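The values are calculated or read from the model by the stated rules, or taken from the named source; none is laboratory data. Because the structure is a prediction, the values reported are computed rather than measured. Every residue, glycine as well, gets a Cβ built from its backbone with ideal geometry; the counts of neighbours run over all protein chains shown. These area figures cover heavy atoms from the full protein model, side chains too; ligands, DNA and RNA do not enter into them. Shrake-Rupley method; radii C 1.70, N 1.55, O 1.52, S 1.80 Å.
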Amino acid sequence: MDAPLFTSLIVTYNSAAEILNLLTDLHTHVPANRIIVIDNASKDETVEVVQRWFPHVQLIRNIVNVGYAKAVNQGFALCDTEYVLLLNPDIRIPSPQLFSEMESCLHHSRQIAAAAPLQFKNDEQKNSLNLTWSYSTPNAFRLYLAFWLQRKWVLTTPIRVTLLNAGCLFIRRAAFEQVGKLDEKYFMYGEEPDLFLKFRRYGFECYLLPNVSITHYRERSLMTRPALQRLQIRFQAVCNVADAFITGWANLMLDKLAVSKFQQVARKG
């Protein structure tokens, strides 16, 4: 089998209960795929699970938890493929169609920076989508409502969106590097809107793919932390997301004003 055009990149933290399932899915569907796991100093048996069951996986062990954004950038620096599939460890992939659809989407145009599938909550609730900001545009939100109301959704073409959830995200590596990668000031949360608003600022497009899906159990590693620490993380998440949106949209508005001013000067000249 030819090697895929993408590298799978997974950041783990106390993910021993989930990582085996995801690595099994990847090995089953794309056995020639290169996989990089960046472990952020897990306190459970995540590292041992990866080493025992999937010794071919490239495992990087950070001696301290450097945060999600920095770990992702660390992994991207090791990738040499055109695309990178960024995955949370609590993802399950039901079909190999996912990979061909994502590749096809980004292959369509070099202006497409990223694509992502639908994310369902669990195997028993196939029509229950995770509510993320992937559905923040009108067409995408109509899709979400259709599933929520148990109505049939017939549109299968990619939907252009402003934001996507990074739990399962297919990224053009050149675009990711061009916009400056993830902002490492965000230890966890905030890096997603920051990245996608930078994509928008640089003129890239992002798409939600309604004809492929994964299951995302969400925040499993977060739940391994004490309750007070979880509360602190969620509070910081709100601050990070607000900062990312304010900064991102402000930069876009400033760019628009600068272009408008340049056009006015050009007309006068």
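General remarks:
- Scan of region 80-126 for residues that are over 15 Å from Ala166 (Cβ atoms), among the polar types (S, T, N, Q) and touching a strand residue (DSSP E or B) at 6+ places or on another chain (Cβ under 8 Å), ordered by number: Thr81, Ser95, Gln97, Ser109, Gln111, Asn122
- Unique residue being part of a helix (DSSP H, G or I) and either hydrophobic (A, V, I, L, M, F, W, C) or modelled with pLDDT under 95 (or both) when the list is Leu86, Leu59, Leu98: Leu98
- Considering residues of region 107-118 that are of a type outside the set (Gly, Ala, Ser) and more than 30 Å from Trp148 (Cα to Cα) only, the residue least open to solvent (accessible area, probe 1.4 Å): Gln111
- Residues that are assigned to a helix (DSSP H, G or I) and open to solvent by 10 Å² or more (accessible area, probe 1.4 Å) within region 20-44 comprise Leu20, Asn21, Thr24, Asp25, His27, Thr28, His29, listed in sequence order.
- Single residue of Ala17, Ala69, Ala116 found to be of a type in the set (A, V, I, L, M, F, W, C), under 30 Å from Thr157 (Cβ atoms) and either over 15 Å from the mean Cα position of the chain (by Cα) or not in a loop (DSSP other than H, G, I, E, B) (or both): Ala116
- Checking each residue in region 49-70 for being in contact (Cβ under 8 Å) with a residue 24 or more places away in the chain, open to solvent by 40 Å² or more (accessible area, probe 1.4 Å) and within 16 Å of Leu22 (Cβ to Cβ) picks out Trp53, Gln58.
- Test: residue in region 166-178 that is part of a loop (DSSP other than H, G, I, E, B) and in contact with a helix residue (DSSP H, G or I) (Cβ under 6 Å, 6 or more places away or on another chain): yes
- Per-region count, region 119-146, residues open to solvent by 30 Å² or more (accessible area, probe 1.4 Å), in contact with a helix residue (DSSP H, G or I) (Cβ under 6 Å, 6 or more places away or on another chain) and not in a helix (DSSP H, G or I): 1
- Within region 154-163, considering residues that are over 21 Å from Ile93 (Cβ atoms) and at pLDDT below 85, the one most open to solvent (accessible area, probe 1.4 Å): Val154
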